[in-house]
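A.B. asks: Mind having a look at this structure? Questions to follow.
The values are calculated or read from the model by the stated rules, or taken from the named source; none is laboratory data. What you see is a predicted model; the values in this text were computed from it and never measured. Cβ sites come from the backbone with ideal geometry, for glycine too, and all protein chains shown count toward neighbours. Surface areas here come from the heavy atoms of the whole protein model, side chains and all, with no ligands, DNA or RNA. Shrake-Rupley method; radii C 1.70, N 1.55, O 1.52, S 1.80 Å.
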Amino acid sequence: MTCYLNSLLQTLFMTPEFRNALYKWEFEESEEDPVTSIPYQLQRLFVLLQTSKKRAIETTDVTRSFGWDSSEAWQQHDVQELCRVMFDALEQKWKQTEQADLINELYQGKLKDYVRCLECGYEGWRIDTYLDIPLVIRPYGSSQAFASVEEALHAFIQPEILDGPNQYFCERCKKKCDARKGLRFLHFPYLLTLQLKRFDFDYTTMHRIKLNDRMTFPEELDMSTFIDVEDETESCTDSGAENEGSCHSDQMSNDFSNDDGVDEGICLENNSGTEKIPKPGLEKNSLIYELFSVMVHSGSAAGGHYYACIKSFSDEQWYSFNDQHVSRITQEDIKKTHGGSSGSRGYYSSAFASSTNAYMLIYRLKDPARNAKFLEVDEYPEHIKNLVQRERELEEQEKRQREIERNTCKIKLFCLHPVKQVMMENKLEVHKDKTLREAVEMAYKMMDLEEVIPMDCCRLVKYDEFHDYLERSYEGEEDTPMGLLLGGVKSTYMFDLLLETRRPDQVFQSYKPGEVMVKVHVVDLKAESVAAPVTVRAYLNETVTEFKQLISKAIHLPAETMRIVLERCYNDLRLLTVPSKTLKAEGFFRSNKVFVESSETLDYQMAFTDSHLWKLLDRHANTIRLFVLLPEQSPGSYSKRTAYQKAGGDSGNVDDDCERVKGPAGSLKSVEAILEESTEKLKSLSLQQQQEGDNGDSSKSTETSDFENIESPLNERDSSASVDNRELEQHMQTSDPENFQSEERSDSDVNNDRSTSSVDSDILSSSHSSDTLCNADNAQIPLANGLDSHSITSSRRTKANEGKKETWDTAEEDSGTDSEYDESGKSRGEVQYMYFKAEPYAADEGSGEGHKWLMVHVDKRITLATFKQHLEPFVGVLSSHFKVFRVYASNQEFESVRLNETLSSFSDDNKITIRLGRALKKGEYRVKVYQLLVNEQEPCKFLLDAVFAKGMTVRQSKEELIPQLREQCGLELSIDRFRLRKKTWKNPGTVFLDYHIYEEDINISSNWEVFLEVLDGVEKMKSMSQLAVLSRRWRPSEMKLDPFQEVVLESSSVDELREKLYEISGIPLEDIEFAKGRGTFPCDISVLDIHQDLDWNPKVSTLNVWPLYICDDGAVIFYRDRTEELMELTDEQRNELMKKESSRLQKTGHRVTYSPRKEKALKIYLDGAPNKDLTQD
């Protein structure tokens, strides 16, 4: 996309006068940074183009000196615009140097802009300078283009008559008179630049277009016919000159920067024969210019590609400079850039013409006295010779570095740290001639093992990281070059290297090509444990019998009773039963995992899928370890423990390992104590809810009146828990409710949901079986691979469930949030036999006092609902009264709400945070409520989390919000003095009416957000046909904006909007002008820009059409009095106001200016970087 830059730089490079002058300029490094010096980087580029042996030279350093980042460098721009901007930058950099006036000397011409009175002959004029002459391709309103450059030049200086309403006020006649206005060329530059204005605007389609009409240009151009021989000084003064006809370089040219588009290259034929260009004799005082550069644009107004056709003054040949491709071309190729089509198509000729045509032409004056030749290398100034030498040395250094790179093997290197037991990864870069011994030393240092293990205890082996497979070792090849071992230098390798380590008393095992690696886990059915893996190597052509003998030698188990189970992929267990079958036939691959058991139990005779071994392995494969952070507990939670122990009796036996474990603070505490504490909370919770039911309204008392009849759904699963539950029910009616208040009132989440905290009698359940916490018959089972704390012991199955077939959870899709309970009111976890074990965990420091961590081992096939039920004893409240948040990277937390989904998306060592607060039932949604403050600096303020239900009306949700707003936010509101409305990011939207029903009239989803807006008076919105917009008056005479005022319209009529604005402002209807705000609410805009940047007074009759498109509530309308004059500011006042606006808009997160997809202006930053200060925008 830098083709426009390339074509200009290549033209300048092929201009002898510019290149030679640039070489004469000497860079002073002590005065300027070379990185930001534009002339120096151009100088370097030209030197490299002339002397380097590279095929192409990058322009990155040049664009960096412009202060451009990567996005600006790749932004498409207009080549003529770039030429002017770059010349301005060079002039600034060359101030007070010998080259200070170089641009003007080479490219600047002069013209006279005049107006002559046709009555008295009085002429007013001024002299302007120009760097290029813009030539119109097709006159305005005409369908016929100019045929040639000469014709366009004549049209350029053709005067126009000012008559009728355009009459000119003559200073001599003292009245308006008919006049002739025009331009005269006074002086032509040495290098004449003509811009063909091919980009235009079509007012019919309101789109920018490119004019591809044919316009010829001569190889030699005689400009003497266009010069004005009249003396510049003999005209009268400039008192009556018009400014419109000025042809100054900043005003003449019509800039068109191109949008991003795909470069469209052009293929030029390179004919072997070239035409010789005749050299006419130079006439005295002639203005004969010879063409030497044609900058061509191929494409449309939306984008395209630039390249240059340049004539070399060294050999008089034409060349195509197309980015990095340079090829010789002929005069016929130049003629192809005239544009147009082969046939005549009348009015539509431009539309069907070729899109590849000349855009800029550069001519040089034919003057032997001034025409220069390129400096040769031996003619370079001394500083350029030094620059050439430095660049050559740098190229040689880069060449040597590339040579090294071409001979360097780059391969992934892994190492299992011998102490930390963590797999480390790095990239080993070793020269192909380095030996294996030297490579081992490099890898040894790279992995920082000097202080850990001797180097002779390390070696490199061929490794497949994806399959965790050791392919082969390199015994006896320590002096072999790495290039030979790795199969040469390659960009990528299909294998890796592992730096293997051993203890000093160990011996490295030999790994032979063709072997497969097998990780053998020994299973103990009695202890129900799976041991750490032992690695053995085998061949694929070995039989199962031979493989058993191999394993028997490695782990010392009898082969006769050995059962081998191959895990081919996740949870795909295959028992190897055919002794004569080969390992390859059984599905062994490079790296394999098998489980081995050798015992004389009856389990050997059972079908594999019904055996104890299969169930043990299945549970092992699906058990994950989670770390659960419990909510902060109040010290009062232990106050009733003694009373509970007396009433509840023995809570069941537990293992010694599970009974005494280390708590978060380092002290020892029993799991039984945790259970007692949790039961106290359940008692207090139940009593408080019963009390709320008695004192509350009639609809809620019905829900909570049956606490004495509550039964735990888990009683059917475990008879040992039934006694505890019955005791718990008795104590629910006698415990002190203040206990719960002292424990739970401190948690804001519980307070958030006070109005909806009642619990139905059919959903109050808890699981108190000690088997849920730890198996009573089996000790903690250590597992391999960092899972030492896993226990794969299953919970005891109760008599009521004996003989029943196990069923797994299925993730049911539901339109709303899943309920924890099915239609009959029974827990979905009731029929699950999944494994769950929890034990206190000593968390890292900094977790906060009063917080507890649990290390939970759980079968990931259980549902979230069942998982929450198992956590009830540890949290101390029912599962319907706490929420589960999954902790992701960077400690981001997201609530898990789909209760019927399993934990299959969780993995080992995931963290979970538990927060108190009512969990969602089926059809309920958690909603974040924000307050809308339209006239505050921060208009969006978070208030609280609420729960809305499907079928609930907006008024009902407002009723439930009132007590929460009073208690949590200190807002005392009546139901008719606030409204709820749609929230999209920070934009207020549709106003919700009281009778609207969620899920019927209003779409609602999980983690929905809604605005709460406090009303100043009675709600005006009564119907969905009304439209509420936010209006804001702009006062240009005071340079300030008034506060927002809401306007409620009965229709989308612009006339009604004007009437409403008249009512609140008093501005006469005919003087009201309005504009729609842009961007995110509150649509902030600088007061310095609002008067001209907004689209004021759109010509529409309704608001719901282009360009307004106001179809919903919440749109921002700015309005003003068109008769009010804009305040005139001094420079000091403007700068002060600019600083204030910049500060204000930065605080609100808005930019000082806003424009809808304006083309980015082309800028070159003289300090080497753009000024990010908003005040400079």
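A.B. asks: Restricting the search to the stretch 18-38, which residues are surrounded by fewer than 19 Cβ atoms within 10 Å (Cβ to Cβ), in contact (Cβ under 8 Å) with a residue 24 or more places away in the chain and not aromatic (Phe, Trp, Tyr)?
C.D. replies: Answer for the stretch 18-38, where residues must be surrounded by fewer than 19 Cβ atoms within 10 Å (Cβ to Cβ), in contact (Cβ under 8 Å) with a residue 24 or more places away in the chain and not aromatic (Phe, Trp, Tyr): ASN20, ALA21, LYS24, GLU26, ASP33, VAL35, THR36.
A.B. asks: Just name the residue that is most open to solvent (accessible area, probe 1.4 Å) out of those in the stretch 478-506 that are over 15 Å from LEU428 (Cα atoms) and in contact with a helix residue (DSSP H, G or I) (Cβ under 9 Å, 6 or more places away or on another chain).
C.D. replies: In this case the residue turns out to be ARG503.
A.B. asks: Which pairs turn up if I take residues in the stretch 904-917 that are assigned to a loop (DSSP other than H, G, I, E, B) and look for partners that are modelled with pLDDT of 85 or more and open to solvent by less than 20 Å² (accessible area, probe 1.4 Å) with beta carbon separation below 7 Å, at least 6 apart in sequence or on another chain?
C.D. replies: Matching pairs, first to second residue: PHE906/ILE624; PHE906/LEU626; SER907/ILE624; ASP908/ILE624; GLY917/PHE882; GLY917/LYS883.
A.B. asks: Here is a further query. Scan the stretch 449-484 for residues that are under 43 Å from the mean Cα position of the chain (by Cα) and among the hydrophobic types (A, V, I, L, M, F, W, C) and report the count.
C.D. replies: Residues in the stretch 449-484 being under 43 Å from the mean Cα position of the chain (by Cα) and among the hydrophobic types (A, V, I, L, M, F, W, C): 7 in total.
A.B. asks: In the stretch 562-575, which residues are open to solvent by less than 40 Å² (accessible area, probe 1.4 Å) and closer than 16 Å to MET606 by Cα?
C.D. replies: Correct list: MET562, ARG563, ILE564, VAL565, LEU573.
A.B. asks: Please work out which residue is least open to solvent (accessible area, probe 1.4 Å), limiting yourself to the stretch 131-167 and to residues that are among the polar types (S, T, N, Q) and outside any helix (DSSP H, G or I).
C.D. replies: SER148
A.B. asks: Which condition from (1) assigned to a loop (DSSP other than H, G, I, E, B); (2) touching an Asp or Glu at 6+ places or on another chain (Cβ under 8 Å) is the one that TYR463 breaks?
C.D. replies: (1)
A.B. asks: Sort out which residues of the stretch 939-980 are open to solvent by 30 Å² or more (accessible area, probe 1.4 Å), in contact (Cβ under 8 Å) with a residue 24 or more places away in the chain and in a helix (DSSP H, G or I), and write them in order of number.
C.D. replies: ARG955, GLU960, PRO963, GLU967, GLN968, CYS969
A.B. asks: Taking into account only those residues within the stretch 981-996 that are open to solvent by 60 Å² or more (accessible area, probe 1.4 Å) and hydroxyl-bearing (Ser, Thr, Tyr), which is farthest from GLU924 (Cα to Cα)?
C.D. replies: Here the answer is THR984.
A.B. asks: Tell me, which residue of the stretch 1107-1155 that is in contact with a Ser or Thr (Cβ under 9 Å, 6 or more places away or on another chain) and among the aromatic types (Phe, Trp, Tyr) is modelled with the lowest pLDDT?
C.D. replies: Restricting to residues being in contact with a Ser or Thr (Cβ under 9 Å, 6 or more places away or on another chain) and among the aromatic types (Phe, Trp, Tyr), the top hit is TYR1154.
A.B. asks: Which number in (1) farther than 29 Å from ARG979 by Cβ; (2) in a loop (DSSP other than H, G, I, E, B) marks the one condition that TYR1109 misses?
C.D. replies: (1)
A.B. asks: Any chance the stretch 100-119 includes a residue that's open to solvent by 60 Å² or more (accessible area, probe 1.4 Å), more than 30 Å from GLU28 (Cα to Cα) and of a type in the set (Val, Ile, Thr)?
C.D. replies: No; the residues of the stretch 100-119 include none that is open to solvent by 60 Å² or more (accessible area, probe 1.4 Å), more than 30 Å from GLU28 (Cα to Cα) and of a type in the set (Val, Ile, Thr).
A.B. asks: Here is a follow-up. Restricting to the stretch 168-185, name every residue that is surrounded by 14 or more Cβ atoms within 10 Å (Cβ to Cβ) and part of a strand (DSSP E or B).
C.D. replies: Result: TYR168, PHE169, CYS170, LYS176, CYS177, ALA179, ARG180, LYS181, GLY182, LEU183, ARG184, PHE185.
A.B. asks: Going through the stretch 576-615 one residue at a time, which ones are of a type in the set (Val, Ile, Thr) and either part of a helix (DSSP H, G or I) or open to solvent by less than 80 Å² (accessible area, probe 1.4 Å) (or both)?
C.D. replies: Across the stretch 576-615, the qualifying residues are VAL578, THR582, VAL594, VAL596, THR601, THR609.
A.B. asks: While we're looking at this one, here's another question. Would you mind telling me which numbered condition in (1) over 36 Å from the mean Cα position of the chain (by Cα); (2) open to solvent by 50 Å² or more (accessible area, probe 1.4 Å); (3) in contact (Cβ under 8 Å) with a residue 40 or more places away in the chain PRO1036 fails?
C.D. replies: In the conditions (1) over 36 Å from the mean Cα position of the chain (by Cα); (2) open to solvent by 50 Å² or more (accessible area, probe 1.4 Å); (3) in contact (Cβ under 8 Å) with a residue 40 or more places away in the chain, PRO1036 misses (2) alone.
A.B. asks: Which of (1) open to solvent by less than 60 Å² (accessible area, probe 1.4 Å); (2) within 30 Å of LEU22 (Cβ to Cβ); (3) assigned to a helix (DSSP H, G or I) is the odd one out, the single condition LEU375 does not satisfy?
C.D. replies: All conditions are met except number (3).
A.B. asks: Has the stretch 443-451 got at least one residue that is charged (D, E, K, R), assigned to a helix (DSSP H, G or I) and without any contact (Cβ under 8 Å) to a residue 24 or more places away in the chain?
C.D. replies: Yes, the conditions are met somewhere in the stretch 443-451.
A.B. asks: Kindly provide the set of residues from the stretch 595-615 that are touching a residue at least 60 places away in the same chain (Cβ under 8 Å), touching a Phe, Trp or Tyr at 6+ places or on another chain (Cβ under 9 Å) and not charged (D, E, K, R), ordered by number.
C.D. replies: Listed by number, the list holds a single entry, LEU613.
A.B. asks: Here is a further query. Taking the conditions exactly as written (at pLDDT 50 or above, in contact with a Leu (Cβ under 7 Å, 6 or more places away or on another chain) and of a type in the set (A, V, I, L, M)), does LEU626 satisfy them or not?
C.D. replies: In short, no.
A.B. asks: With the condition kept exactly as written, say whether any residue in the stretch 997-1008 is of a type outside the set (Val, Ile, Thr), open to solvent by less than 30 Å² (accessible area, probe 1.4 Å) and under 25 Å from PHE1081 (Cα atoms).
C.D. replies: For the stretch 997-1008, residues of a type outside the set (Val, Ile, Thr), open to solvent by less than 30 Å² (accessible area, probe 1.4 Å) and under 25 Å from PHE1081 (Cα atoms): absent.
A.B. asks: Does GLN195 fit the bill of being farther than 21 Å from ASP113 by Cβ and within 51 Å of the chain's Cα centre (by Cα)?
C.D. replies: no
A.B. asks: Counting only residues that are modelled with pLDDT under 85 and open to solvent by 60 Å² or more (accessible area, probe 1.4 Å), how many does the stretch 272-329 have?
C.D. replies: Of the residues in the stretch 272-329, 12 are modelled with pLDDT under 85 and open to solvent by 60 Å² or more (accessible area, probe 1.4 Å).
A.B. asks: Further question on the same structure: Conditions first: (1) among the small types (Gly, Ala, Ser); (2) without any contact (Cβ under 8 Å) to a residue 24 or more places away in the chain; (3) in contact with a His (Cβ under 8 Å, 6 or more places away or on another chain). GLY587 passes all but one, so which condition is the exception?
C.D. replies: Every listed condition holds for GLY587 apart from (3).
A.B. asks: Could you count how many residues in the stretch 535-558 are assigned to a loop (DSSP other than H, G, I, E, B) and surrounded by 16 or more Cβ atoms within 10 Å (Cβ to Cβ)?
C.D. replies: The qualifying residues number 2.
A.B. asks: I want to confirm something. Restricting to the stretch 404-442 and keeping residues that are assigned to a loop (DSSP other than H, G, I, E, B) and more than 19 Å from LEU484 (Cβ to Cβ), which single residue is least open to solvent (accessible area, probe 1.4 Å)?
C.D. replies: HIS417
A.B. asks: Confirm whether GLU1013 is open to solvent by 40 Å² or more (accessible area, probe 1.4 Å), in a strand (DSSP E or B) and over 21 Å from ILE1067 (Cβ atoms).
C.D. replies: No; evaluated as a whole, the condition is false for this residue.
A.B. asks: Among (1) at pLDDT below 90; (2) over 21 Å from MET424 (Cβ atoms); (3) open to solvent by less than 50 Å² (accessible area, probe 1.4 Å), there is one condition TYR469 misses while meeting the rest; what is its number?
C.D. replies: With (1) at pLDDT below 90; (2) over 21 Å from MET424 (Cβ atoms); (3) open to solvent by less than 50 Å² (accessible area, probe 1.4 Å) applied to TYR469, the lone miss is (2).
A.B. asks: From ASP994, ASP1055, ASP1001, grab the single residue that is touching a residue at least 24 places away in the same chain (Cβ under 8 Å) and within 28 Å of GLY951 (Cα to Cα).
C.D. replies: Of ASP994, ASP1055, ASP1001, the one residue that is touching a residue at least 24 places away in the same chain (Cβ under 8 Å) and within 28 Å of GLY951 (Cα to Cα) is ASP994.
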